[in-house]
Amino acid sequence: MWQILRQIARTGIATEPAPPVADAQLEAARIHAELLDILGQALTIRQVDAGSCNGCELEINALHNPYYNLEGRGIRFVASPRHADLLLVTGPVSRHMAEALRRTYEATPEPRLVLAVGDCGACGGIFGESYASCGRVANVIPVDATVPGCPPPPLEILRAILGVVRRR
């Protein structure tokens, strides 16, 4: 026990410093404000995991924390595609999820937007197309935009959502 405490005292704080808070929070606030200016109301998102490793889901869940405060700014996730404006799809589409993804797309009311998140959703990633995978999301449903990265940071996901809504 004492040996561990001495080692901790010798090593000190081994973590990296926190990112500059002001820059990222100001950028997130600017994106949220622009989104709501374009829409004039709340944006509802249905997130679909089509076979991902959950790396992208962790970054999407980070959008809910107080740092990004997605819900507090009028952008929220919904459980039903019938209430969604935007589908956020992650992962290479597995063969078992292809039909479910098509049905989710068809259940989303017009004008529907689709954003493929991560390298797997954008181009199939390391999985590509195989006996178990349809590959990228665009092979199954029409995609409006993609977010590259493995996984992409939350701020990039927000920027991509803004880009999709601008083109609407």
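Could you tell me whether residue 50 is within 22 Å of residue 163 (Cβ to Cβ), without any contact (Cβ under 8 Å) to a residue 40 or more places away in the chain and surrounded by 13 or more Cβ atoms within 10 Å (Cβ to Cβ)?
no
Just one residue in the set 107, 98, 116 is surrounded by 14 or more Cβ atoms within 10 Å (Cβ to Cβ), out of contact with any strand residue (DSSP E or B) (no Cβ under 8 Å at 6 or more places or on another chain) and modelled with pLDDT of 90 or more; that residue is 107. Would you check which residues across the stretch 145-154 are surrounded by 19 or more Cβ atoms within 10 Å (Cβ to Cβ) and not β-branched (Val, Ile, Thr) and list them? Across the stretch 145-154, the qualifying residues are 151, 152, 154. Just to be sure before I move on: is residue 62 surrounded by fewer than 21 Cβ atoms within 10 Å (Cβ to Cβ) and within 13 Å of the chain's Cα centre (by Cα) in the structure I sent? Judged against the criteria, residue 62 is a match.
Looking across the stretch 65-80 at every residue that is under 25 Å from residue 121 (Cα atoms) and among the aromatic types (Phe, Trp, Tyr), the one that is surrounded by the most Cβ atoms within 10 Å (Cβ to Cβ) is identified as 68.
For residue 120, the criteria (1) touching a Phe, Trp or Tyr at 6+ places or on another chain (Cβ under 9 Å); (2) in a helix (DSSP H, G or I); (3) closer than 28 Å to residue 30 by Cβ hold in every case but one, which is (3). Residues that are assigned to a loop (DSSP other than H, G, I, E, B) and closer than 20 Å to residue 38 by Cβ within the stretch 144-168 comprise 144, 168, listed in sequence order.
The values are calculated or read from the model by the stated rules, or taken from the named source; none is laboratory data. Since this is a predicted model, take the numbers as computed values, not measurements. As a convention, Cβ positions derive from the backbone with ideal geometry for all residues, glycine included, and neighbour counts pool all protein chains shown.
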